[in-house]
Amino acid sequence: MRQRLDIADVEARTKIRAKYLRALENEEFGMLPGPTFVKTFLRTYAEMLGLDPHVLVEEYRASYEHGDEIEAPLGPPAVAGRDRRHGPRIGPGSVILLVLVGIVAALVAIGLASDDEGGGDQASVPETTRSETKAKAAPKPAPPKRVSLKVTPATPTYICVDHGVGTPVVFENTIDSAQTFHGKRVRVNLGKRDVQLRMNGKPVQVTPGPDPVGFAFTPRGSRELPSGERPCA
């Protein structure tokens, strides 16, 4: 009142709500959240008015506070958690929070260390597992049951074809372009060796030379025929 200030002015300067300022003025400390708020607001209010906050706080302690109460550092940022005689204080809530943070950090560190230690063993296992999975997932294709023989001559070439001993001749002529023959068995007699043969898409080696050549083909493979076993011989 001597400084001609009203509650609104004090509220704007201290950032303390008006209802708490009125409670301090009327010593209705039960309206404040707790003893820590009371002492913090008393210090802030006293400093704003130019009074000695220590005297007011000690008077409050002597009249209203019991010795077994524990302070917690709450209140406006300018003065929260500080006492001019004893310096900064750490309440039990802050201690618990720090302990929890430490425990979480330790658990994270242990988890990372476990991942690093297990990395070496896991590096080779998935590779083997993937290889085995691919081998099981991709079975070998079934062998063909028929022969598909493609004959490609470099120059016009005589050719005779049947499907085995005692079977009729299915083709006999001179060819100058590629011809394909099919069957469970295919025998071929070639007047020249200057040809390319492919059985079921795979090349068949033909030994170069001036003499005719003959082959017998089955789904399992091929063999060169002697002159007396060739078709049309």
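Search the structure for amide H atoms under 5 Å from the amide H of Gly214, placed 1.01 Å from N in the peptide plane, and list their residues when 5 or more places away or on another chain.
Leu190, Leu225
Got a sec to turn the phi values of the stretch 209-218 into Karplus ³J(HN,Hα) couplings, 6.51 cos²θ - 1.76 cosθ + 1.60 with θ = phi - 60°, whole Hz, x for Gly and Pro?
With the stated coefficients, the stretch 209-218 comes to x, x, 8, x, 8, x, 9, 10, 10, 10 Hz.
In Å, what is the Rg of the alpha-carbon atoms in the stretch 6-66, and how long is Dmax?
10.8, 33
Return the distance in nm (one decimal) between the two label points of a simple spin-label model at Ile175 and Arg17, each offset 7 Å from Cα along Cα→Cβ.
Between Ile175 and Arg17, the label points sit 10.2 nm apart.
Roughly how much of Ser148 is accessible, in Å² to the nearest 10, using a 1.4 Å probe?
40 Å²
Near the amide H of Gly164, under 5 Å away, which other amide H atoms are found, from residues 5 or more places off or on another chain, if H is placed in the peptide plane?
It is Arg187, by chain and number.
The values are calculated or read from the model by the stated rules, or taken from the named source; none is laboratory data. Everything numeric here is computed off the predicted structure, so don't read it as measured data. We place every Cβ from the backbone using ideal geometry, glycine too, and count neighbours over all the protein chains shown. Note: accessible area is taken over every heavy atom of the protein model, side chains too, but ligands, DNA and RNA are not part of it. Shrake-Rupley method; radii C 1.70, N 1.55, O 1.52, S 1.80 Å.
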